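A.B. asks: Okay, here's the structure, questions in a sec.
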Amino acid sequence: MQNKTISGLFVGQNIVSLKRVDSTNDYLKKQVANSKPVPEGTVILAEEQFAGRGQFDNKWLSQPGQNLTFSILLSPSFLPISQQFSLNIAISLAINDVLCSFIGSGCEIKWPNDIIFDDRKLGGVLIENIIRGTNWKYSIVGIGLNLNQTSFPASIKNITSMALIAEKEWTLNDVLAHLLTAIDRRYSQLKNGGLVLQRQEYRAKLYRLNTLAVFEREGVRFDAEIIGVTETGLLELKTADGVRCFGLKELKYI
Ligand code: BTN
């Protein structure tokens, strides 16, 4: 284990680097169960995860030492529980800010928080909230971003990395420092009343916004157009039957 900091930042004031761990999200979960958890803003970074997790109980597979896999401990108690999705927005925008500056404007956010470049997945975010009673105690923000991996298991479809896109190798710590700075900025913007602005920016970055495409719900395929995201984070689609809102596990992109 190695400890570093990025000075001047709240997010990244304490970086714990681990060689090998099950999942950086699970590591932080165990920390917050302790009576004296690590401070808010702490980052757990892993060279290798042997049980990395993605959304919907998927595995997150990442070649050791090639990509970024890390989790951040936040405590967004300034937000009502009903606005949990606004943290997803702030984090997705921060990642998008950095990627747009590094690899250009092909970067989009696939609702809820996949990071996409030219129809291929470059990274993903897994936010796990810890709520005690009516209080939002902690959020564990897990981020996986493909940097230098250039070949992927055949079972993973439509995947890419920054190295494949830009045809160069990236320095992990350099990209991490940019990401933490951007997350620090977007998190503080959210804290300081930036929610409405961030919702507008998030909408503008949405993959397939205002584009007719095929979706699937409960095995039934239909054509629809993404028109936005509601305050609680539901995806708003314009369908042949009018505007419909869909939750996280309800909808598949085809
Ligand atoms: C997804 O797209 O399904 C979300 C992927 C999130 C992966 C990251 S890697 C760091 C953190 N630890 C985990 O086990 N998962 C997240």
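Only the coordinates and a few stated rules stand behind these numbers; no lab work does. Quick caveat, the model's predicted, so the values are computed rather than measured. Here Cβ is always computed from backbone atoms with ideal geometry, including for glycine, and neighbour counts include all displayed protein chains.
A.B. asks: Determine, for 215, 10, 78, the number of other Cβ atoms within 10 Å of each Cβ, and report the residues in order from fewest to most.
C.D. replies: Ranked by crowding around the Cβ, least crowded first: 78, 10, 215.
A.B. asks: A further question on this structure: Among 104, 52, 124, which one shows the highest mean-square fluctuation when the chain is modelled as a Gaussian network with alpha-carbon springs under 10 Å?
C.D. replies: Result: 104 has the largest fluctuation of those listed.
A.B. asks: Among 69, 42, rank each residue by its count of other Cβ atoms within 10 Å, from fewest to most, as a rough exposure measure.
C.D. replies: 42, 69
A.B. asks: How high is the FRET efficiency between residue 212 and residue 36 when r is their beta carbon distance and R₀ equals 41 Å, given to the nearest 0.05? Mind showing how you got there, number by number?
C.D. replies: Details: r = 53 Å, r/R0 = 1.30.
Plugging the Cβ-Cβ distance into 1/(1 + (r/R0)^6) gives 0.15.
A.B. asks: For the chain, what is the mean residue ellipticity at 222 nm derived from helices alone (per DSSP H run of n ≥ 4: -39500 (n - 2.57); sum divided by total residues; nearest 500 deg cm²/dmol)?
C.D. replies: Taken over the chain, the calculation gives -8000 deg cm²/dmol.
A.B. asks: What do you get when you divide the Cα radius of gyration of the stretch 2-140 by 2.2 N^0.38 Å, with N the number of residues? Walk me through the numbers before you get to the answer.
C.D. replies: Details: Rg = 15.1 Å, N = 139, 2.2 N^0.38 = 14.3 Å.
Ratio of Rg to 2.2 N^0.38 Å for the stretch 2-140: 1.06.
A.B. asks: Return the sequence-ordered ³J(HN,Hα) values of the stretch 47-57 in whole Hz as given by the Karplus equation 6.51 cos²θ - 1.76 cosθ + 1.60 applied to θ = phi - 60°, using x for Gly and Pro.
C.D. replies: Once θ is set to phi - 60°, the couplings for the stretch 47-57 become 6, 9, 10, 9, 9, x, 10, x, 5, 6, 6 Hz.
A.B. asks: For labels at residue 20 and residue 220 in the simple 7 Å Cα→Cβ model, what's the distance in nm?
C.D. replies: About 4.9 nm separates the two model spin labels.
A.B. asks: Which one, 73, 212, 61, has the greatest fluctuation when you compute a Gaussian network model over the chain with C-alpha springs under 10 angstrom?
C.D. replies: Between 73, 212, 61, it is 212 that shows the largest mean-square fluctuation.
A.B. asks: Taking the chain as a Gaussian network, where each spring joins two C-alpha atoms under 10 Å apart, which residue of 167, 218, 48 fluctuates the most?
C.D. replies: Of the options given, 218 has the highest mean-square fluctuation.
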